Amino acid sequence: MLQTAEPDQETTQVRHQAAREVYQRIAANIARIMQGQASSTRKLLAAFASGGHVLLEDFPGTGKTTLAKALARSVAASFKRIQFTPDLLPSDILGVSIFSQRDQQFHFHEGPIFANILLADEINRASPRTQSALLEAMGEAQVSVDGERRDLQGLFFVIATQNPVEFRGTYPLPEAQMDRFAMQFALGYVQSGEEVAILTAQEHNHPLDELKPCASLAEVLGLKAAVRGVRISDELKRYAVDLVGATRGAPGVQLGASPRASIALMKAAQALALFEGLDFVMPEQIQELAVPVIAHRLVMEPQARFSGHTARGVVEEVVKKIRVPA
């Protein structure tokens, strides 16, 4: 039995090392475009490798779309972009059946959702009905059109961007839609020195034009498989559940995080552990991801919002209070 276990362990280590190299290549490729966004890239790739979806919310011009394009161009996979507008319809996303006069039959024409990486740009400018067209796809990797279920591809990753909800012409995303995103985070403004470097890089042309794929679709699927193989103890599973559960009774919270948040937190922590060269999850990875994974799922009571309490603050307080497993 010992002879059987040793090669398995060695094979796992080789697979994890290969997966880390894929992550490092993609992160380095994105860093050529995104100055000063190492932390955002790390979180984005954690969601990407763990099978989650990402919502980027920040002010216009901070690089949300550029980050999404940099990831898409770093992977040799199909990429589609949807510019969400008030007149966008669900069929513009999912596809439509068109009657052919030639053979007197309906033929389904796939929409942009049938891609490996989908950029939903300014998602909160479309109506709630159109936003909801993504719910089934993001939750179950399938769509239902004309009463027929159609499975999406093995790699299906949604990067959605939105401007702050206070901006004109925006519709707030419904709670069910927010819960489908594994993470939400902002890029923020870069330091002045990094902004000068951005100007220099784009003085003659955009660096995205020269960005080439550095990872194949098979390598990305291998990365996702390796993430699932990272061990997480029962104590840390309980820790993740306790963090999420504590939001349900926190003062000022009208709706706490669902079990889907616990699952996303566990899987994203597995990805971070792999990125850091570990074969098992540690509490630090869970703590690092608690805010981007949990906060956007909380619905604050109106009075709490008026008093200045935020979902981010609630999660940060929960992380401080819940005991960390020894």
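A few comments on the model shown:
- When every residue of region 52-63 is checked against the conditions, at least one turns out to be more than 17 Å from Ala271 (Cβ to Cβ), modelled with pLDDT under 95, part of a loop (DSSP other than H, G, I, E, B) and of a type in the set (Phe, Trp, Tyr).
Residue-by-condition table, conditions (1) modelled with pLDDT under 85; (2) among the aliphatic types (A, V, I, L, M):
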residue	(1), (2)
Ala137	no, yes
Arg149	no, no
Gly154	yes, no
Thr161	no, no
Phe167	yes, no
Tyr189	yes, no
Ser192	yes, no
Val196	no, yes
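- The numbered conditions (1) in a loop (DSSP other than H, G, I, E, B); (2) in contact with a Phe, Trp or Tyr (Cβ under 6 Å, 6 or more places away or on another chain) are all true for Pro292 except (1).
- Residue pairs meeting the criteria (Cβ under 6 Å; at least 6 apart or on separate chains; first of a type in the set (Lys, Arg), in region 296-318; second not in a helix (DSSP H, G or I)): Arg297/Ala257
- Only a single item in (1) farther than 27 Å from Ala77 by Cα; (2) touching a residue at least 24 places away in the same chain (Cβ under 8 Å); (3) not β-branched (Val, Ile, Thr) is not met by Leu221, and it is number (1).
- Taking helices (runs of 4 or more DSSP H) as the structural unit, those lying wholly within region 174-257 and holding at least 1 residues that are closer than 23 Å to Lys64 by Cα correspond to 175-180, 192-201, 217-228.
- Number of positions in region 129-172 that are in contact with a Leu (Cβ under 8 Å, 6 or more places away or on another chain) and either free of Cβ contacts under 8 Å to residues at least 60 places away in the same chain or part of a loop (DSSP other than H, G, I, E, B) (or both): 11
- Residue ID - surrounded by the most Cβ atoms within 10 Å (Cβ to Cβ), chosen from residues in region 289-326 that are modelled with pLDDT under 90 and of a type in the set (Gly, Ala, Ser): Ala304
- Residues being outside any helix (DSSP H, G or I), touching an Asp or Glu at 6+ places or on another chain (Cβ under 9 Å) and crowded, with 21+ Cβ neighbours inside 10 Å - total across region 13-36: 0
- Applying a threshold of 8 Å to beta carbon distances and a minimum spacing of six or more residues, or different chains, the list of pairs starting in region 243-271 at a residue that is on the phi < 0 side of the Ramachandran plot and ending at one that is assigned to a strand (DSSP E or B) reads Thr247/Val253; Val253/Val299; Val253/Met300; Gln254/Val299; Gln254/Met300; Leu255/Val299; Ala264/Met183; Ala268/Met183.
- Matching residues, region 75-95, being in contact (Cβ under 8 Å) with a residue 40 or more places away in the chain, within 18 Å of Arg150 (Cα to Cα) and not in a loop (DSSP other than H, G, I, E, B): Pro90, Ile93, Leu94, Gly95
The values are calculated or read from the model by the stated rules, or taken from the named source; none is laboratory data. Owing to the predicted nature of the structure, the values given are computational and were not obtained by experimental measurement. Note: ideal-geometry Cβ built from the backbone for every residue, glycine included; neighbour counts use all protein chains shown.
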